[in-house]
1. Scan segment 89-100 and tell me whether some residue there is assigned to a loop (DSSP other than H, G, I, E, B), surrounded by 16 or more Cβ atoms within 10 Å (Cβ to Cβ) and without any contact (Cβ under 8 Å) to a residue 40 or more places away in the chain.
2. Just checking, does segment 79-87 include any residue being away from the ligand (no atom under 16 Å from the Cβ), modelled with pLDDT under 95 and not in a loop (DSSP other than H, G, I, E, B)?
3. Which residues, counting only those in segment 59-86, are closer than 26 Å to Ser102 by Cα, open to solvent by 50 Å² or more (accessible area, probe 1.4 Å) and aliphatic (A, V, I, L, M)?
4. Here are some conditions: (1) in contact with a Ser or Thr (Cβ under 8 Å, 6 or more places away or on another chain); (2) surrounded by 14 or more Cβ atoms within 10 Å (Cβ to Cβ); (3) not aliphatic (A, V, I, L, M). Thr54 meets all but one. Which one does it not meet?
5. Quick check on my filter: what residues within segment 38-88 are free of Cβ contacts under 8 Å to residues at least 60 places away in the same chain and of a type in the set (Ser, Thr, Tyr)?
6. Checking Val38 against (1) surrounded by fewer than 18 Cβ atoms within 10 Å (Cβ to Cβ); (2) of a type outside the set (D, E, K, R); (3) under 12 Å from the mean Cα position of the chain (by Cα): exactly one of these is not met. Which one?
Amino acid sequence: MREPREEGYDDLLDALESDTGYYLSCPAGHGSLPPRQVCPRCGDELSEETLPATGAVVTFTEVAVPTPAFAGKTPVVLIADFGPVRLTGELLDGSDILEVGSEVVPTVASSPGGDRHVGFRLASER
Ligand SMILES: [Zn+2]
């Protein structure tokens, strides 16, 4: 069952919405995304670090058969590399010029059903 608010993930969305995105890092520099209590790689304690302002597209795909929340849309979903962490989200503009290596800025997107998730805009479109 889905909680009305996902601890950690919603905190990250709130942060992205106010341009204060962050990720979690352990003393060894392993990056991870909330929600995490300890480093998923070494089990050490985590601290919050500032997310780089832009990431580079690693891969992307157009979702031909969207979930019901996206009925009528064929969202482009991409994975972007921010150095220590990678974020997965929906491209919100510029899908015709998107390519691997494109710089994207993370933000918050809403599905027609009202759920929030990570979205990206092309940095060159800003
Ligand atoms: Zn670690």
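The values are calculated or read from the model by the stated rules, or taken from the named source; none is laboratory data. None of these values were measured; they are calculated from a predicted model. Cβ: placed from backbone, ideal geometry, glycine included. Neighbour counts: every protein chain shown. To get the accessible areas, we keep the full protein, side chains included, count just its heavy atoms, and leave off ligands, DNA and RNA. Shrake-Rupley method; radii C 1.70, N 1.55, O 1.52, S 1.80 Å.
1. Step one: list which residues in segment 89-100 are assigned to a loop (DSSP other than H, G, I, E, B), which gives 92-100.
From what is left, the residues that are surrounded by 16 or more Cβ atoms within 10 Å (Cβ to Cβ) are 92, 94, 98.
Still in the list and also without any contact (Cβ under 8 Å) to a residue 40 or more places away in the chain: 92, 94.
Within segment 89-100, one or more residues are assigned to a loop (DSSP other than H, G, I, E, B), surrounded by 16 or more Cβ atoms within 10 Å (Cβ to Cβ) and without any contact (Cβ under 8 Å) to a residue 40 or more places away in the chain.
2. Scanning segment 79-87, I find no residue that is away from the ligand (no atom under 16 Å from the Cβ), modelled with pLDDT under 95 and not in a loop (DSSP other than H, G, I, E, B), so the answer is no.
3. The answer is Ala64, Val65, Ile79.
4. All conditions pass for Thr54, except number (1).
5. Matches in segment 38-88: Ser47, Thr50, Thr59, Thr61, Thr67, Thr74, Thr88.
6. (3)
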